[in-house]
Amino acid sequence: MKLLVTGGAGFIGSNFILYWLKHYPQDSVVNFDKLTYAGNLENLKEVENNSHYKFIQGDICDAESVNVAMQNIDAVVHFAAESHVDRSILEPAPFVMTNVVGTQVLLDSAVKNRVKKLHHVSTDEVFGSLSLEDTNKFNERTLNNPRSPYAASKAGSDHLVRAYHTTYGLPITITNCSNNFGPYQFPEKLIPLAITNLLEGKKVPVYGDGLYVRDWLYVEDHCRAIDIVLQKGRVGETYCVGGLTEDINNLAIIKKILSLLGKGEEFIEFVKDRPGHDRRYAIDWSKIKNELGWQPRHSFDEYLLKTVEWYKTHESWWKHVKSGEYQKYYSRQYD
Ligand code: NAD
Ligand code: DAU
């Protein structure tokens, strides 16, 4: 099989390419990525000389280069997006451009080139916010209620993907997953930001009261879910993907990381809240489990330890990422 992976130089996309070439060495992967601030070819060092891997630098909004990349492709896995909620609050326009317009350009090309399958990677943020008092979870029948520019742009992309299936018969599947964590995650997101700040002797900024809850999915479990849905999922269907976490709030996560790094609570700094901050996410992943046999492999604590160890042993990777543009963003967001 020849795969086109969009956004393959980002966090989940690069983990997915490494996963795919390890499990299916006979397949070929084309990585199509614009290399925004979030794209990093360092993540793919171990496959850069693999003859089954090819990188094309390009923008999914550019129909011509997307069409060139789509030649002889069997299946597309679509990760490319602007992905950080706080950046979407500072500047929404690139989110609409890449996540909505870029997805539409990609879909047009997939129809034109008659690809056999397009898998769209989406988020639980399209469903909105649950309350702390509830025990209910998001599932595939939950209505969309996006509340940030990022979430709204991802909801727009999901609607377009479904519309291209209904209108043009494009064979698609979608996954809506929860918060990923693991190796190569850009340190603007909570877990890598906390770990790397602490490794640098800096405090961890906690928004509001810190009692916000997310569902946490280890990136390798996510890659396996995409693999199974891509190959065995029913065409036209959406699958929710989540982790093995019981409700755990941000503050409790930071305390676990402090303890793993032998630091005290004086390293917690409460800062101003995110506007429109979603209170709680939780995912019911029984559909993908019952239909396709997928489930997360390990507990949150095991994966958190593994992640902390990864950042401890990959200092040059994150120090490089945290230089330059990152510093400007950090001061704009936190000072
Ligand atoms: P990321 O920000 O780490 O990576 C995004 C990648 O897309 C980067 O390599 C970037 O260069 C590339 N890109 C951005 N704009 C592009 C464009 N116009 N053309 C081509 N490439 C472009 O993101 P991530 O965390 O790896 O997320 C990947 C996908 O998964 C996104 O669609 C995101 O919405 C979704 N998702 C992420 C999470 C999470 O917790 N990280 C959870 C649910 C869903
Ligand atoms: O739910 C899936 C989504 O998870 C993905 O679609 C997004 O691409 C991904 O960025 C992530 O969104 P969140 O906004 O949930 O992730 P983030 O790591 O930014 O924040 C996690 C929680 O931690 C959230 O409640 C905000 C809080 N937070 C975050 C940062 C960066 C803090 O308290 N302090 C911080 O400095």
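The values are calculated or read from the model by the stated rules, or taken from the named source; none is laboratory data. Just so it is clear, the model here is predicted, and its values are computed rather than measured. Reconstructed Cβ throughout: ideal geometry from the backbone, glycine too, with neighbour counts over all protein chains shown. Please note that ligands, DNA and RNA were not included when accessible areas were found on the heavy atoms of the full protein model with its side chains. Shrake-Rupley method; radii C 1.70, N 1.55, O 1.52, S 1.80 Å.
Accessible area per residue for the range 84-213 is 37 Å², calculated with a 1.4 Å probe on protein heavy atoms, without ligands, DNA or RNA. Using only the alpha-carbon atoms, how far is helix 325-334 inclined from the longest principal axis of the chain? Give it as 0 to 90 degrees, nearest 10. With rounding to tens, the tilt is 50 degrees.
Give the shape of the range 237-279 as rounded, prolate or oblate, defined through the alpha-carbon gyration tensor: a ≥ b ≥ c are the square roots of its eigenvalues, a/c under 1.5 means rounded, and otherwise the shape is prolate if a/b is larger than b/c and oblate if not. Oblate shape, in that a/c is at least 1.5 and b/c is the bigger or equal ratio. State the percentage of accessible surface on the range 1-124 attributable to carbon and sulfur atoms; use a 1.4 Å probe and exclude ligands, DNA and RNA. Roughly 51 percent, rounded to a whole number. Stokes-Einstein diffusion for the chain at 20 °C, viscosity 1.002 mPa s, with a Kirkwood radius from C-alpha pairs, works out to 106 µm²/s. Annotation: amide H of R279 within the under-5 Å range of L130, sequence separation 5 or more or interchain, hydrogens built in the peptide plane. Rounded to the nearest 5, the antiparallel percentage of DSSP beta bridges internal to the chain is 10%.
For K117, nonlocal amide neighbours, meaning residues 5 or more places apart or on other chains whose placed amide H falls under 5 Å from its own, are V76. The count of lysine pairs in the range 89-236 that are at least 8 places apart or cross chains, and whose C-alpha atoms lie under 26 Å apart, stands at 13. With both labels modelled 7 Å from their Cα along Cα-to-Cβ, the M97 to Q26 distance reads 4.3 nm. Residue ranges 257-268, 238-249, 204-215 sort as 238-249, 204-215, 257-268 when ordered by packing (mean number of other C-beta atoms within 10 Å per residue, highest first).
Return the loop-located GluC sites (Glu not before Pro) in the range 16-120 (DSSP other than H, G, I, E, B) with at most 12 other Cβ atoms within 10 Å of their own Cβ; answer none if there are none.
E48
For C177, the residues whose modelled amide H falls within less than 5 Å of its own, excluding neighbours fewer than 5 places apart on the same chain, are S122, T123, D124, V241. Each label was represented as a point 7 Å from its Cα along the Cα-to-Cβ direction; for E64 and N113 these points are 1.6 nm apart. Extension gain, K319 to T166: 0.36 nm times the residue separation minus the Cα-Cα distance gives 50.5 nm.
With R₀ fixed at 41 Å, the C-beta to C-beta distance from K203 to Q295 puts the FRET efficiency at about 0.70. Quick one: work out the % antiparallel among DSSP beta bridges in the range 1-150, nearest 5. Rounded to the nearest five, the antiparallel share is 0 percent. When shorter helices are ignored and each DSSP H run of at least 4 residues is given -39500 (n - 2.57), the per-residue value for the chain at 222 nm works out to -11500 deg cm²/dmol. If R0 equals 22 Å, the separation of the Cβ atoms of S286 and N145 corresponds to a calculated FRET efficiency of about 0.55. Over the Cα atoms of the range 200-310, the radius of gyration divided by the Kirkwood radius equals 1.05; this is the Rg/Rh ratio.
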